[in-house]
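First the structure, in the form of C-alpha cells, and then the observations on it.
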Amino acid sequence: MKNLFRFLLLFLATNLFAQNSQRFFQKIEFKNNTTEISVNDGSYQVKFYTPEIVETAFIPKNQTLTEDSHAVILSPESVKQNLANNGNFITIETSGITVKIQKTPFQISYYKGDELLISEKNGYGTYKNGEINNHAQDFETLNFNLTTDEVLYGAGARALGMNRRGNRLMLYNRAHFGFETQSALLNYTMPIVVSSKKYMIHFDNAPIGYLDLDSKKDNSLTYETISGRKVYQVISGNSWEDLVKNYTDLTGKQPMLPRWSLGNFSSRFGYHTQQETLETIQKFRNEKIPVDAIILDLYWFGKTVQGTLGNFAWDKDNFSKPQQMIDDLRKNNVETILITEPFVIDTSSRFQEAIDRDILAKNDEGKPFLYDFYFGHTGLIDIYSQKGNSWFKNIYKDIINQGVTGIWGDLGEPEVHPSKIIHGNGKNGDQVHNIYGMDWAKLVKESFAENSPNSRPFILMRAGYSGAQRNGLVPWSGDVSRSWGGLQSQPDISLQMGLQGIAFMHSDLGGFAGKNEDDELYARWLQYGVFNPIYRPHADSSVPSEPVYRSEKAKKLAKKAIELRYALLPYNYNLVFENHKNGTQLMRPLFFEEPENQELYTYNTAYFWGKDFLISPILNKGQKEQSIYFPKNSDWINFYTDEKISGGSTQTFTTEEDKIPTFVRAGSIIPMAKPMQSTKEYDGNSLILHYYLDENVKETELELYNDNGLQNEAYEKGQFEIMEFEAKIKGKTITFELENEVGANFSAKSKNIELTIHHVSKAPNSVKAGCKKLENTYDSEKKTLKVNLVWNSLKESKVKIKL
C-alpha cells in the first residue's frame, strides 16, 4: 500500500506539468552504469556520479556525444540503482536522487525521496533566427518545469538582487564599466541554476547562450546554446552545505590560498615607478597600517595605457632595478603581484615575436586575426594552441623566477573576442569565450607548478566558468562604480557566487570607477571588506585607494578595519581550509541556517561569515539605524559590547561610524591573533581564543587548521596540524579540552593560549590544568575571565574552571 501511494504521488506530481507530446519512447537499456533511453528524435544517456549527482545527456539524431566536459572532473561511481518498469513509468532509484521516465507523453523527472526537484517540460528543442551579440543565431534548447514558488539563484555574477527568477540572462562574459545596483551581464557567467528547493542544475556546455529563468512567467527554465553538448547534471544535498560540497566534488575544489593573500593589498591604477611603489609601502609601514602585497598595474611594462599591452617586460626607465625592488619588498614582508593581459598590440615590443612564433589566434585564412579595441590594434594569445600556450608559459616563467608570487589576469573575458576568430583547438570565439579565463588561470597555475612547485600562487582574474575554482582562480566583481549603488550590489554578488562554488568573489574595496572621494563610502566599504574573502582596496587614477593617501579621518577608520582583518587571521585561514576541503563558502546566506524560512530566500541585510559570525554591512549614505534578523537556532552576541540577542528576533541598532554591526554565535569559540603589520609576523603557536559562554550550549567544538601558509598541497602532504578545542558545561564547571591532529610531516610545537571567556557571572573558585593552578584574571564589570596556559600540543590537555 505504501509503494502504491508513493507511485500515485509521483504520477500526480509529474502530470501537473506540461510534457513534450512530440517525443515518443522506444526502448531502454542499461550499459556500463549508464541508462540509455531511445526516443524517436534521438537518445538519452543517464548516469550517476554519486547518489546525489546525476547526469543526463540528450543526443539528437545525426549528432554524437564526443566532446569532454570542461567543468566536470569527478569520475562516476558504481552507484547502487534500483530499476523498476511499471507500465507507463520507469524509475531509476538511488539513495539520493530518483530518475523517473514517463513513456507517454514522454518526460524525465528528478526526485529526492518523494519530493519532485525538477522535470523536463519540452526537453530538447531548437529555434532559428535568434540573436546574440547583435547577430542572428540558431539555438538548441533544453526546457524544464519550475514550481510557482521557487526562488532561483545562479548564472554567475550579476547585479540583480538575490532572486534571479524572471530574467533571461546572456551567458557571455562581458565587462560593465561603472555598474551599480543593476547589471544583468558582468564578467563572470556560468550555466548554473540553484533553486530554493535545494537542488542545482548545471548545463555542462561551454559555448555562449542564454539562461531563461522564467522570463515569460510560464513556470519554465530554458537553457539556450549556439552549439555543443546537450548535457546537464542535477545535484541535490541534505543541506545547503551538502549541496555546495557535492557540486564542488563534481567540478573541483579550490587550492589553498597562501596565507598572505588574506592580508591587506596595496593596489591602484597604477604605480608608475619603482620609487613610487617602494615609497607607498614605506608609507604603510610608517603609518603602522598592516599590508602584505602590492599589485602593479600596466605601468610596470609601459608608460602609457594604450599601445603597450603585450610588452610583458619591465619598463626599465621607470623600473630600473625590478629584481632589487621585488627583493626589497619581500624583506619588508610584502609580496609582488603583476598584471598581465592576453593581448599583444601591434605597437608592443613583442608583436613581431608573436607573429614569428605563431602564437596568436587565427582568421579563416590561417593568418593572425587582428582587430581594434580600446588599447590598440591587437591579436589574442591563443592559449589553445601548443605554440601559444608554451609561449605564454615562458613569459610567466621569467616573471615567477624574479620572485613574483601573484598574477593578475585582466581583460580575460576576453574583453573583445571576435566570433569568427579561430583557436588552436578548432573552436571559434563564441565556442571558447566563456572558458578562456578559466583555461588561462589553469595555464598560470601550471606555470607556477613548473617553476615554483612548492609555492601557492595567487591568481586574480575577473572572468571564468563553472569549475574554475579548481584552477586557483580568485575573481573580483569588475569595474564597479565608486558609489553607494556600487557597494549595495556587492554582498549579493559574493553570496551568489559562493553558492556556485566560487567562494573568493570579492570587489575593489572603495569602488573602482568615478571621481568620488567620499570618506564615508570608503570607510563603509572597507569595514564590509573585513568580512570578505580578499581585502583589496583598488581604484582608478582619479581617487586614492590606499588609506595612507586618504584624509586623516578616513585613514583612521580604515586602519581600525584593517587591524580587525588581521586579528581575525586564524579564523579566516580556517575558512580557507574548510573551502579547500569541502567547498564551503566563506560568505553564506542566512537561509543556510533556516532553510524552511522562505522570507530568508531573498534576505540580504546580513550574512554569515563562516559559521560563527553574523555580519550586517552599512550600504547607505548617512544611515543611522540597521534592522537585522537573527537566525533562530542560536542566540547571538554583539562582538563589540557583549550584549546578548535572542535568536529568531529582529532587532534595530544605531549605527556607528567606526564599525558595522557584527555578532558572534552564542557558545562559539573564536580564534584571533595578536596585532601584526604583516601576516608573515603571524605565529600559529600563539593564539587568542574567545569563548562566548552560553548555558544553553552545553558543548562547543572548534577545529582550527594550521600550516606554514605557503607550502603547496600542505594538507595533502601531511604538513599541517588541526587543533581541536572543545568547551563543555556541566553544572558549575566549565571544561576546556585541547587536542591536536598532527600531519605525518608536520612538527608541532607548544602553544601559548590566551583564553577569554565571556559572560562569566562571577569570579571562579579555581582554574586548573590537571593539578596545576593557572593564572587568571576576572573582570567583574565586563564579566570576562582571562586564562593563560602553555599547551604541549602533542598531548591532550584539560582546563577545568569551577565557578
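Observations on the model:
- Residue satisfying condition, being within 17 Å of Ser686 (Cα to Cα), touching a Ser or Thr at 6+ places or on another chain (Cβ under 9 Å) and modelled with pLDDT of 95 or more, within set Glu739, Glu724: Glu739
- Residue in the stretch 132-142 that is closer than 22 Å to Gly464 by Cα, at pLDDT below 95 and part of a strand (DSSP E or B) present: yes
- Selected residue [outside the structural domain of Gly709 (by TED's automatic domain parsing), in contact with a strand residue (DSSP E or B) (Cβ under 7 Å, 6 or more places away or on another chain) and under 21 Å from Val194 (Cα atoms)] from Phe613, Phe608, Phe639: Phe608
- Applying the condition of being among the small types (Gly, Ala, Ser) and surrounded by 13 or more Cβ atoms within 10 Å (Cβ to Cβ) to the stretch 1-43 and asking which residue is modelled with the lowest pLDDT yields Ala13.
- Being over 26 Å from Val244 (Cα atoms), touching a residue at least 12 places away in the same chain (Cβ under 8 Å) and surrounded by fewer than 19 Cβ atoms within 10 Å (Cβ to Cβ) is a property that does not hold for Asp114.
- Qualifying residue in the stretch 705-722 (condition: free of Cβ contacts under 8 Å to residues at least 60 places away in the same chain, charged (D, E, K, R) and closer than 17 Å to Ile670 by Cα): no
- One residue alone among Asp242, Asp204 is outside the structural domain of Ala155 (by TED's automatic domain parsing) and either within 20 Å of Lys47 (Cα to Cα) or not aliphatic (A, V, I, L, M) (or both), and that residue is Asp242.
- Selected residue [part of a helix (DSSP H, G or I) and either out of contact with any Pro (no Cβ under 6 Å at 6 or more places or on another chain) or over 17 Å from Asn264 (Cα atoms) (or both)] from Ser541, Ser494: Ser494
- No other residue among Glu563, Glu546, Glu593 is buried (at least 19 other Cβ atoms within 10 Å of the Cβ) and either hydrophobic (A, V, I, L, M, F, W, C) or within 22 Å of Asp292 (Cβ to Cβ) (or both) apart from Glu546.
- Identification of strands (runs of 3 or more DSSP E) wholly contained in the stretch 177-263 with 2 or more residues that are surrounded by 24 or more Cβ atoms within 10 Å (Cβ to Cβ) and within 19 Å of the chain's Cα centre (by Cα) yields 192-195, 199-203.
- Of the residues making up the stretch 498-527, those that are in contact with a strand residue (DSSP E or B) (Cβ under 7 Å, 6 or more places away or on another chain) and in a helix (DSSP H, G or I) are Gly498, Leu499, Trp525, Leu526, Gln527.
- Checking Lys515, Lys555 one by one, the residue that is surrounded by fewer than 22 Cβ atoms within 10 Å (Cβ to Cβ) and over 18 Å from Ser483 (Cα atoms) is Lys555 and no other.
- Residues satisfying the stated conditions in the stretch 727-752, i.e. under 19 Å from Pro570 (Cβ atoms), touching a residue at least 24 places away in the same chain (Cβ under 8 Å) and of a type in the set (D, E, K, R): Glu737, Glu739, Lys749, Lys751
- Considering the stretch 60-89, the residues that are among the β-branched types (Val, Ile, Thr) and crowded, with 18+ Cβ neighbours inside 10 Å include one that is nearest to Tyr232 (Cα to Cα), namely Val72.
- Residues that are assigned to a strand (DSSP E or B) and over 19 Å from the mean Cα position of the chain (by Cα), drawn from the stretch 591-640: Glu625, Gln626, Ser627, Ile628, Tyr629, Trp636, Ile637, Asn638
- Qualifying positions in the stretch 409-448 - in contact (Cβ under 8 Å) with a residue 40 or more places away in the chain and of a type in the set (A, V, I, L, M, F, W, C): Leu411, Val416, Ile421, Ile422, Val432, Ile435, Met438, Trp440, Leu443, Val444, Phe448
- Residue within the stretch 305-319 that is among the polar types (S, T, N, Q), more than 26 Å from Asn434 (Cα to Cα) and in a loop (DSSP other than H, G, I, E, B) present: yes
- Within the stretch 355-368, residues that are closer than 15 Å to Ile383 by Cα sit with their Cβ atoms under 7 Å from residues that are of a type in the set (D, E, K, R) and assigned to a loop (DSSP other than H, G, I, E, B), at 6+ positions apart or across chains, in these pairs: Ile359/Asp382; Leu360/Asp382; Ala361/Asp382.
Residue by residue, here is whether (1) more than 30 Å from Gly237 (Cα to Cα); (2) modelled with pLDDT under 95; (3) in contact with a Lys or Arg (Cβ under 9 Å, 6 or more places away or on another chain); (4) of a type outside the set (A, V, I, L, M, F, W, C) holds:
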{"site": "Ser541", "(1), (2), (3), (4)": "yes, yes, yes, yes"}
{"site": "Val548", "(1), (2), (3), (4)": "yes, no, yes, no"}
{"site": "Ser551", "(1), (2), (3), (4)": "yes, no, no, yes"}
{"site": "Lys555", "(1), (2), (3), (4)": "yes, no, no, yes"}
{"site": "Leu564", "(1), (2), (3), (4)": "yes, no, yes, no"}
{"site": "Pro570", "(1), (2), (3), (4)": "no, no, no, yes"}
{"site": "Phe577", "(1), (2), (3), (4)": "no, no, no, no"}
{"site": "Asn582", "(1), (2), (3), (4)": "no, no, yes, yes"}
{"site": "Gln585", "(1), (2), (3), (4)": "no, no, no, yes"}
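- Answer residue from the stretch 682-698, given it is charged (D, E, K, R) and under 21 Å from Val664 (Cβ atoms) and is farthest from the chain's Cα centre (by Cα) among those: Glu695
- Tally of residues being surrounded by fewer than 24 Cβ atoms within 10 Å (Cβ to Cβ) and closer than 27 Å to Gln182 by Cα across the stretch 444-491: 6
The values are calculated or read from the model by the stated rules, or taken from the named source; none is laboratory data. Nothing here was measured: the structure is a model prediction, and the numbers come from that model. Counting neighbours? That spans all protein chains shown, and the Cβs are built from the backbone with ideal geometry, glycine included.
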